[in-house]
Amino acid sequence: MATTFRPAPIGSPLARRGQAGSDNVPIYLAVALGYMLLLPPQLNLMIGTTALPPYRFMLIPAALYMISRGLRGQIRLGWIDALIVAATAWLWLALFMTTEAAEAFTAAFAQTTDIALAYFFGRFTIRSLRDLRAFLIMMAPGLAIIGLALIAESLTHKRLIQDFAGLVTGRSAGYRIDVRLGVFRAPGPFPHPILAGVFLASFLPLYVLCGVRGWPKVAGIVAAVFSFFTLSSAALLGLVVGGALLAYNWLSAHFAILTWRLLFVVTGIVVFVAETATGSGTYGIILRFASMNSVSSYHRVLIWQYGTQNVLKNPWFGLGYGDWERPVWMYSSSMDHFWLLMAVRFGIIPSVLMAIATIWAVLMLMRAATASPNYIDRRAYKGLAISLGVFGLSIISVALWLSAHIWFFMLIGLSVSVSGAVLNAPRHAVPVGPRRQLAQPIERRPELRGNR
């Protein structure tokens, strides 16, 4: 009797059986790195003036593991990978053009670890939606603990996690009372509350849409929502925009007229009008409504104004880690804009290449959502696209460093691999989903053949 063959879904145990990715070791490596990102800075190893966070002790030797898997052809490299490599190579060139050799080598090596190695670590360890879901499930307890710690720190006005780590290591947490709207800005294990906010907020779309169920889903969502207690504009922007896109995704599933293409067209029109018909432009409008403090909002506008002037004066190789030009009354040298900071330090080329890679990864995820015949997987691809897109938008108001920096590039890398699992799959390997069944002649249906 004839039977109908249905390929196993991509990422399922059946489809992966006998392949190099059939073991869970890469996922465990990703989880181990994820928990290292939750360690406080008091645990960083100091060698002179150079800080070596715990995650670098994993990423650096992991480069050998990634090279070996790459040589065996277990990852299909593409143009987006070349963008990250090119951006990293330009960092080396720029630093050696602006900085003394010894300092340039140390800084370039650190940037390579935090950008290229973090990106390729995501590429090589999270290669399918199955891997991503397993990663999110195992990360849920740690994220929930950090989220609850943020509430406790806000209520007690103390850096509980870093104070405890300071008692163990003998290093001060750099205690500072930072209150906004009458609430203490909780940093958790991060060196600044804004990093804790942007890090945790990025998990909201992942846990809502990626197919994780039960208590891990609840724990992940709660941890992301609790990023509010960092009282940072980046966290607020991530939660509001991420929540709005999640709501639009739900509406688009119920109203055919509300498509993602329509949203992109409307967004493009709004940006065009903001740039041509307003004095502050898109960036100024975002800061006006997203910032929780008018003073910090105005300061960020000044950073953009004088920071872009620095880029125009040094467009190719930047200033390195030297101080940037600004009025003397702008006493702080911090630049709360990741993309602008990269351009000021290393020239415009790396910033543009990394921005293109981020946008490209989001577009790949949206294409994967369209190509996937499985409804649950389509939601997962959209959730990942929302998370990465909102993260990339949120960092227009924060300079990334340490754990949040690693997670951003790891997120880009795993997004490329996960979307590629569908986009690079042969047509015959695409699973049959509930909304796209293959038509079968009636005479070939096995349940009817026996009645002839």
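The values are calculated or read from the model by the stated rules, or taken from the named source; none is laboratory data. Keep in mind the model is a prediction, meaning the values are calculated, not measured. A quick note on method: Cβ atoms are made from the backbone with ideal geometry, for glycine too, and the neighbour counts reach across all protein chains shown. These accessible areas exclude ligands, DNA and RNA; they are computed on the full protein's heavy atoms, side chains included. Shrake-Rupley method; radii C 1.70, N 1.55, O 1.52, S 1.80 Å.
General observations
- Taking region 257-282 as the range and being outside any helix (DSSP H, G or I) and modelled with pLDDT of 85 or more as the test, the residues that pass are Ile257, Leu258, Thr259.
- Lone qualifier among Thr230, Thr267, Thr259 - being open to solvent by less than 40 Å² (accessible area, probe 1.4 Å) and either in contact (Cβ under 8 Å) with a residue 40 or more places away in the chain or over 21 Å from the mean Cα position of the chain (by Cα) (or both): Thr230
- Only one of the listed residues (Ala102, Ala107, Ala86) is modelled with pLDDT of 95 or more and in a helix (DSSP H, G or I). That residue is Ala86.
- Restricting region 115-152 to residues that are touching a Gly at 6+ places or on another chain (Cβ under 6 Å) and among the hydroxyl-bearing types (Ser, Thr, Tyr), the residue that is surrounded by the fewest Cβ atoms within 10 Å (Cβ to Cβ): Ser128
- Pairs where the first residue, in region 345-370, is within 20 Å of Gly307 (Cβ to Cβ) and the second is open to solvent by 70 Å² or more (accessible area, probe 1.4 Å) and outside any helix (DSSP H, G or I), C-beta under 9 Å, 6+ apart: Arg345/Tyr321; Gly347/Trp316; Ile348/Trp316; Ile349/Trp316
- Restricted to region 361-390, and to residues there that are open to solvent by less than 20 Å² (accessible area, probe 1.4 Å) and of a type in the set (S, T, N, Q), the residue that is farthest from Arg300 (Cα to Cα) is Ser372.
- Residue, most open to solvent (accessible area, probe 1.4 Å), within region 334-360, restricted to residues that are in a loop (DSSP other than H, G, I, E, B) and under 19 Å from Leu237 (Cα atoms): Asp336
- Any chance Arg185 is open to solvent by 20 Å² or more (accessible area, probe 1.4 Å) and either charged (D, E, K, R) or under 25 Å from Ala62 (Cα atoms) (or both): no
- Members of region 56-71 found to be charged (D, E, K, R) and either exposed (fewer than 13 other Cβ atoms within 10 Å of the Cβ) or at pLDDT 90 or above (or both), listed by number: Arg56
- Scanning region 47-55 for any residue that is open to solvent by 20 Å² or more (accessible area, probe 1.4 Å) and assigned to a helix (DSSP H, G or I) turns up nothing.
- Note on region 190-208: residues that are surrounded by fewer than 24 Cβ atoms within 10 Å (Cβ to Cβ) and modelled with pLDDT of 95 or more total 1.
- The helices (runs of 4 or more DSSP H) found entirely in region 144-250 that carry 2 or more residues being over 30 Å from Leu262 (Cβ atoms) are 160-169, 193-201, 214-225.
- Close contacts from region 306-321, counting a first residue that is over 12 Å from Phe346 (Cα atoms) and a second that is assigned to a loop (DSSP other than H, G, I, E, B) and open to solvent by less than 40 Å² (accessible area, probe 1.4 Å), with Cβ to Cβ under 9 Å and a gap of 6+ residues or different chains, come to Tyr306/Trp324; Tyr306/Pro327; Tyr306/Met330; Gly307/Trp324; Gly307/Met335; Gly307/His337.
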